[in-house]
There are 2 protein chains.
Amino acid sequence: MEGSVTRAGEAAALRYVPLAELERLRTLDAEPAARARAFADACRLNVLYMIARAGSGHIGTSFSSIDVVSWLHLDVLGEGDRYFSSKGHDAPGLYAVLIGLGQLEFGLLDRLRRLGGLPGHPDVLTRPQVVTNTGSLGMGISKAKGFVLADRLAGRSGRVFVLTGDGELQEGQFWESLASAANRGLSEITAIVDHNKIQSDTWVADVSDLGELERKVESFGWATGRCDGNDAADLARGLAELEDAAAGRPRLLVADTQKGAGVSFMEPHGLPPGGDELYAYHSGAPTPDEYGRAVAEIVERLGLRLEELGEEPVRLEEAEAPARSAPLSPQKLVPAYGEALADVAESEPRLVALDADLLLDTGLVPFRRRHPDRFFECGIAEQDMVSQAAAMALTGLVPAVHSFGCFLSTRPNEQIYNQCTEGTRVIYVGSLVGLVPGGPGHSHQSVRDISALGAMPGMTLLEPCSEHEARLCVEWAVQEATGPVYIRLVSVPWDLGFEPPTPERLELGRGEIVRPGADAVIVGAGPVVLSQAYAAAEDLAERGVEAAVVDLPWLNEVDGAWLAELAARAPVFCVDNHYLTGGQGDAVASALATQTDTPVGLVRKLGVDRVPECGANDEVLRAHGLHAEGIAARVAAELPARV
Amino acid sequence: MEGSVTRAGEAAALRYVPLAELERLRTLDAEPAARARAFADACRLNVLYMIARAGSGHIGTSFSSIDVVSWLHLDVLGEGDRYFSSKGHDAPGLYAVLIGLGQLEFGLLDRLRRLGGLPGHPDVLTRPQVVTNTGSLGMGISKAKGFVLADRLAGRSGRVFVLTGDGELQEGQFWESLASAANRGLSEITAIVDHNKIQSDTWVADVSDLGELERKVESFGWATGRCDGNDAADLARGLAELEDAAAGRPRLLVADTQKGAGVSFMEPHGLPPGGDELYAYHSGAPTPDEYGRAVAEIVERLGLRLEELGEEPVRLEEAEAPARSAPLSPQKLVPAYGEALADVAESEPRLVALDADLLLDTGLVPFRRRHPDRFFECGIAEQDMVSQAAAMALTGLVPAVHSFGCFLSTRPNEQIYNQCTEGTRVIYVGSLVGLVPGGPGHSHQSVRDISALGAMPGMTLLEPCSEHEARLCVEWAVQEATGPVYIRLVSVPWDLGFEPPTPERLELGRGEIVRPGADAVIVGAGPVVLSQAYAAAEDLAERGVEAAVVDLPWLNEVDGAWLAELAARAPVFCVDNHYLTGGQGDAVASALATQTDTPVGLVRKLGVDRVPECGANDEVLRAHGLHAEGIAARVAAELPARV
């Protein structure tokens, strides 16, 4: 639930394990496995601290993998070896371990998902400990191969340990990457599957059963083994046995783990397979109550472990939890979209919905409930999902295909084009678009989707700014569009700061004036851009500049003559929650440049011009100059000569 | 070798099997397998005719699969069943069979790869026989699943037979698609692997060995079987045994075949595994001599088969081969690029090259010869290739990554973005870009690549128009660029019609005036656009309009102030060998609209506005209005009011 707000309510004191205590634990005079167990539990406490403080982050997978990560860092990795997580959302666990080892500055404990701090998914900016950017699934083995081939070419030696998820193995690239590793005999590679059996919200076996995993991987020429991944001693055994068995082959170790391991109520013991109930600790911060209970349980167990070793209990330090403000009257586009889709499906029996393991995040719960036979869960397999939808469309169905915008616009990009060339209609729905939430980082900040999909033949791209407009987009896509459609949804509940317009229907290429003004025109789409543009206009008004704000939900279809007339030679500022290149701004600038009816004044594009920053939402918008103040400043800077 | 010119020299008489003869063969009073063998050979003759006439097409794979395709259509497929080829380049074989069955109009035999005829890869325009668009690899099983799920939802029944290649199985989507077919028990699906052991130019086992294919697929929960795919009787046995063994599982039959089967010298008997010698009949037309020998061999064998059955030999009819003109003094960008890359690698030891099974088509033969340790063949696995290159770049190497533009810009789109976010430098080289060659059809006509890659952070996109400029692009990418680069290469040898400019180096965002003129400015990149623009300008000059032609090799970096000054308020026409959206035209229009130094006149974009047509090169350019005449007409239409 990347898009959801934190569940943390009021601020409460948070507790962390200080550096001296971490040092004590990792140098305990004990069996290596006992030491690793104690160290991992201390790191679990710091993971809870980091995520509670950040307000979001992935607890479940950080906990399932942290025994593996601790063991590797304490007892396995040596000079020249590399470790990275392919799934990447276990980053808090890795950070806690690296901080515990003194390899990352201790103060970064307070900087998870903050600007200049520790990104929500690993990034090479965290040098040199993070060796590659991850967060987009399935790339791990390929990257391991690249490292090994480069090392061999340079005459370097070194092993590569890659942690993967189990849900992640649904991605085709994982399987694509196996063969050549075996054919080239890349025995430097050890992949460890964090087999916690839960992907995002539910059981892997329910979504897309992995079947006989070891048999599959062995059939690709790899050596495989299995162990308890939450038990350091068994992990050591598993790694050693695999080393003996590998005989020049690359290796894969299936580490059986529990999602949320180490906090009983975060483990999925009570989650019935095949049911509708969903796992609750994949992402998001714990409530203060959950936080307190989790800390207590770990502290108690760790205390017992230390007592057995004749050691003092762990000493925690306290820090105040940061206060957090919630939006006042937010637009919640994803739920509004989901309800609208389920509604229009009542009168459109051809409508079916496909999901790639993001049921909660794409708003599809009502659709699944109301139209269960028309809902298809495809797993983390976007290419497969899109090509299935393409075939369904050829039979006359109208498939709506869902994922996060960052994945949907890119992973199955060729499959979407293939579908478009068939002249059929598929509705693509990308959520979590734009710069915010800023916490997950650039693998999840979808700021290339307009460009990546803009030139699909016949495809219309739409972005609503309000719940009302989200419904209009669904109605247009299902009832009016003749070709493929992409609906771009900001996931964060967001205050507009103005009363959203409520037209009865959308008019192709044209938008709504949400604020009049003759001195300048600010054009954009979606709640983030329009809220900031509106606030900027209010600010400018106080300085005597009246800027109009235009809600233009059409991203690649702009009526240039209409806009030129509306602007009446006033400067036009296009604000994009997207890269400057290939976004709505390019469509607007190009439409203005190529229309001939009305003379056009100055045109300026505002948008993202580099890899998006990771941080709190306001930090990120500010860093890219897309907060109200930044927009107002850009408008004011251009106006003196004109007004 | 999609980009290569035909090897057919002078026109010679071509021979085909007329409809009456095809009808006689498919209704022979004989064992079904004997009938199918005779019918398939007749279809082979018509495949040769079609490809020789078209000047290009895939013989090797049409021949390896034609016994399977014939058998399915003659004896297996029934009401409600679907058949399609996932690889798609065996289309001539399928067309010959459908024509032989009377399911396609006989006259289409003359219309392979021609406008309004039979596309180079299957397209649903060939209704209703072609059920889905293919040519992009790996999508077949996914589509089969979509058909079956839609049928089940509608209460329809019917089987789906999908033919795949064997090299195609290197694509991750194939493996991604297997699990849910087994989990959902989609026993309606039968996949048949045309296991001819040769992908594009060489042995699959040398590129990326498939290993124990049946064991792999069985480990995913499928039933598998094996047979001789060039023997109808054994194919029937294989299908029947698989039917018995499947027990509710989806099925996959490995059909062992010979590439080029049925013409001894087109079968790869002499091709040594592991060697540098390449298979010669993957694509392209036969020479007149090869054509004659191939026809003679098939006619002789078919005659003997018919004699055994007590039937008359087959009667062929003759048709004149179409005359073909060759370019006079063409720019050959791909070989020029390849030589330049091998040259700059002499002084840049960090440069490595990766290829996705298109060694010949991407110009990498010299690089592999001169720097064998720095060349990596990755197979048909673009995602895996890019992520490997990304890791190599993290170690300090400068990888150059190659495929056709249509595949490279889309299949690994997310992987490329992931690499760009790491701040490293990888050089992407997409060949076969733009509308021509027009024969392969839209799966291969790369007209979305600028849009798909334009917003990659830090990436510069370049397209040379000449061999000289191709070398400059390589030098700039390797020696000057600090971020990732995309080099876009037209593959067809192409006459420019003017002397190409020979600057010593490229200047960011600016181009060369290849023809002066004050009345209008035509801007574009690449030999196809610039040759047509130049010819258009020459034509306009005769009508008293002097249009400048500007070679602007920068696709997403345009110095708007420079161009505005150059244009001096004359109308600017941006011509794109790409979709109108997201191409160079958008970059130019946007750069002009957002610059403030110089007033700008009218701006117009010319480019592709729908799914590209398949046809002869001149037909396709004309159909999209991007031939010289079309450009001249657009310029003239805008000028009367101005000049």
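Using alpha carbons only, how many angstrom separate the centre of the range A:402-457 from the centre of the range B:410-484?
For the range A:402-457 versus the range B:410-484, the Cα centre distance is 20 Å.
Indicate, rounded to the nearest 5 percent, the antiparallel portion of the DSSP beta bridges found entirely in the protein assembly as shown. Let's see the in-between values first.
Working: 22 of 136 bridges.
Just about 15 percent of them are antiparallel.
For the charge dipole of the protein assembly as shown, defined by +1 on Lys and Arg C-beta atoms and -1 on Asp and Glu C-beta atoms about the Cα centroid, which residue among B:Pro272, A:Val148, A:Leu72 has the Cα displaced farthest towards the positive pole?
Value: A:Val148.
Quick check: the distance between the Cα centres of the range B:49-84 and the range A:560-601, to the nearest angstrom?
For the range B:49-84 versus the range A:560-601, the Cα centre distance is 51 Å.
Hand me the tally of lysine pairs in chain A: alpha carbons under 22 angstrom apart, and the pair either on different chains or 8 or more positions apart.
Going through chain A pair by pair, I get 9.
Can you give the FRET efficiency for A:Phe265 and A:Arg324, using 1/(1 + (r/R0)^6), R0 = 30 Å, r = Cβ-Cβ distance, to the nearest 0.05? Each step should come with its number before you reach the end.
Values: r = 23 Å, r/R0 = 0.78.
The computed FRET efficiency comes out at 0.80.
Indicate the gyration tensor shape class of the protein assembly as shown (rounded, prolate or oblate), computed on the Cα atoms with a ≥ b ≥ c the square roots of the eigenvalues: a/c under 1.5 is rounded; otherwise a/b larger than b/c is prolate and the rest oblate.
On the way: a/c = 1.67, a/b = 1.17, b/c = 1.42.
Verdict is oblate for the protein assembly as shown.
Treating the Cα atoms of the range A:75-156 as identical point scatterers in vacuum, please give the log10 of the normalised Debye intensity I(q)/I(0) at q = 0.11, 0.23, 0.24 Å⁻¹, two decimals.
The computed values of log10 I(q)/I(0) come out as -0.31, -1.16, -1.22.
Charges only on Cβ, +1 for Lys and Arg, -1 for Asp and Glu: so what's the dipole of the range B:587-643 about the Cα centre, in debye to the nearest 20? All intermediate terms of the calculation are to be shown ahead of the outcome.
Working: 6 positive and 7 negative charges, 38 e Å.
Approximately 180 debye in magnitude.
Ignoring everything except DSSP H segments at least 4 long, calculate the 222 nm mean residue ellipticity for chain B; use -39,500 (n - 2.57) per segment, divide by total residues, nearest 500.
Computed ellipticity for chain B at 222 nm equals -11500 deg cm²/dmol.
Show the residues, 5+ positions off or on another chain, whose built amide H is closer than 5 Å to the amide H of B:Val254.
Here B:Val193, B:Gly225, B:Arg226, B:Cys227 satisfy the definition.
Compute the label-point distances linking B:Gly270 to its equivalents in the other copies; points lie 7 Å from Cα along Cα→Cβ; give nm, one decimal, shortest first.
For B:Gly270, the other copies' label points sit at 7.5 nm, shortest first.
5 Å is the cut-off here: which amide hydrogens, built 1.01 Å from N in the peptide plane, fall below it relative to B:Val550, excluding neighbours closer than 5 in sequence?
B:Val514, B:Ile522, B:Val523, B:Gly524
In whole angstrom, how far apart do the alpha carbon centroids of the range B:192-255 and the range B:363-380 sit?
30
With θ set to phi - 60°, apply the Karplus curve 6.51 cos²θ - 1.76 cosθ + 1.60 along the range B:366-380 and write out the HN-Hα couplings as whole Hz, x wherever there is a Gly or Pro.
Running phi through 6.51 cos²θ - 1.76 cosθ + 1.60 with θ = phi - 60° gives x, 4, 5, 5, 7, 9, x, 6, 9, 10, 10, 8, 9, x, 7 Hz.
Taking a ≥ b ≥ c as the square roots of the eigenvalues of the Cα gyration tensor of the range A:481-632, is the shape rounded (a/c under 1.5), prolate (a/b larger than b/c) or oblate? Don't skip to the answer; put the middle values down first.
Numbers: a/c = 1.39, a/b = 1.15, b/c = 1.21.
Rounded, since a/c falls under 1.5.
Place a +1 charge on the Cβ of each Lys and Arg in the range B:141-238 and a -1 charge on the Cβ of each Asp and Glu, then give the dipole magnitude about the Cα centre in debye, rounded to the nearest 20.
On the way: 11 positive and 16 negative charges, 141 e Å.
The dipole magnitude comes to about 680 debye.
So what J values fall out for the range B:505-519 if you push phi through Karplus, 6.51 cos²θ - 1.76 cosθ + 1.60 with θ = phi - 60°, rounded to Hz, Gly and Pro as x?
Once θ is set to phi - 60°, the couplings for the range B:505-519 become 8, 8, 10, 3, x, 10, x, 10, 7, 8, 7, x, x, 9, 8 Hz.
Would you work out the relative contact order for chain B, in percent, from Cα pairs under 8 angstrom that are 6 or more residues apart? If you can, show how the numbers build up before the last one.
On the way: 1430 pairs, mean separation 84.4, N = 643.
Averaging sequence separation for qualifying contacts and normalising by length gives 13 percent for chain B.
Suppose you put the label 7 Å out from Cα in the Cβ direction; list, shortest first and in nm with one decimal, how far A:Gln103 is from each other copy's label.
Inter-copy label distances (nm, one decimal, shortest first): 5.9.
Using a label point 7 angstrom from Cα along Cα-to-C-beta, what distances in nm, from shortest up, separate A:Ala13 from the other copies?
10.2
Once amide H atoms are built 1.01 Å from N in the peptide plane, which residues 5 or more positions from B:Val603, or in another chain, come under 5 Å H to H?
Those qualifying (amide H under 5 Å, at least 5 residues apart or on another chain) are B:Val572.
Given axes a ≥ b ≥ c from the Cα gyration tensor, I'd like to know whether the range A:227-270 is rounded (a/c under 1.5), prolate (a/b larger than b/c) or oblate.
Values: a/c = 5.14, a/b = 2.78, b/c = 1.85.
Prolate.
Return the percentage of antiparallel bridges among DSSP beta bridges fully within chain A, rounded to the nearest 5 %. Don't skip to the answer; put the middle values down first.
Values: 11 of 68 bridges.
In chain A, approximately 15 percent of DSSP beta bridges are antiparallel ones.
How high is the relative contact order of the range B:102-194, in percent, counting Cα pairs under 8 Å that sit 6 or more residues apart? Intermediate results must be reported in sequence, preceding the final value.
On the way: 94 pairs, mean separation 23.0, N = 93.
It comes to 25 percent, rounded to a whole number.
Run through all the Cα pairs of the range A:278-411 and give the fraction in each 5 Å bin from 0, expressed as whole percent.
2, 8, 13, 14, 13, 9, 8, 8, 8, 7, 5, 3, 1, 1, 0
In whole Hz, what ³J(HN,Hα) sequence does the range A:488-496 give by Karplus (6.51, -1.76, 1.60; θ = phi - 60°), x for Gly and Pro?
After applying 6.51 cos²θ - 1.76 cosθ + 1.60, I find 9, 10, 5, 8, 5, x, 9, 6, 6 Hz.
Where the only charges are on Cβ atoms (+1 Lys, Arg; -1 Asp, Glu), what is the dipole of the range B:512-616 about its Cα centre, to the nearest 20 debye?
For this selection, approximately 240 debye.
Anything losing 20 Å² or more of accessible area from the isolated chain to the full protein assembly: pick those residues out of the range B:124-138, probe 1.4 Å, ligands and DNA/RNA ignored.
B:Val124, B:Asn133, B:Ser136
Excluding ligands, DNA and RNA, what is the accessible area buried between chains A and B, summed over both sides, using a 1.4 Å probe, to the nearest 100 Å²? Kindly include the intermediate steps, with their values, before the conclusion.
Details: alone 23680 and 23670 Å², together 39760 Å².
For A against B, buried area totals roughly 7600 Å².
May I ask you to give the solvent-accessible area per residue for chain B, in square angstrom, as obtained with a 1.4 angstrom probe? Don't skip to the end; give the middle numbers.
Values: 19870 Å² over 643 residues.
With the other protein chains kept in place, chain B gives 31 Å² per residue.
What would the Debye equation give as log₁₀ I(q)/I(0) for chain B at q = 0.07, 0.08, 0.10 Å⁻¹, counting only Cα atoms as equal point scatterers?
-0.47, -0.61, -0.92
First compute the accessible area of the protein assembly as shown with a 1.4 Å probe, then give the percent of it belonging to carbon and sulfur atoms.
48
The values are calculated or read from the model by the stated rules, or taken from the named source; none is laboratory data. No experiment lies behind these values; they were computed from the predicted model shown. When we count neighbours, we look across all protein chains shown, and the Cβ atoms used for this are built from the backbone with ideal geometry, even at glycine. We work out accessible area using only protein heavy atoms, side chains counted, and drop any ligands, DNA or RNA first. Shrake-Rupley method; radii C 1.70, N 1.55, O 1.52, S 1.80 Å.
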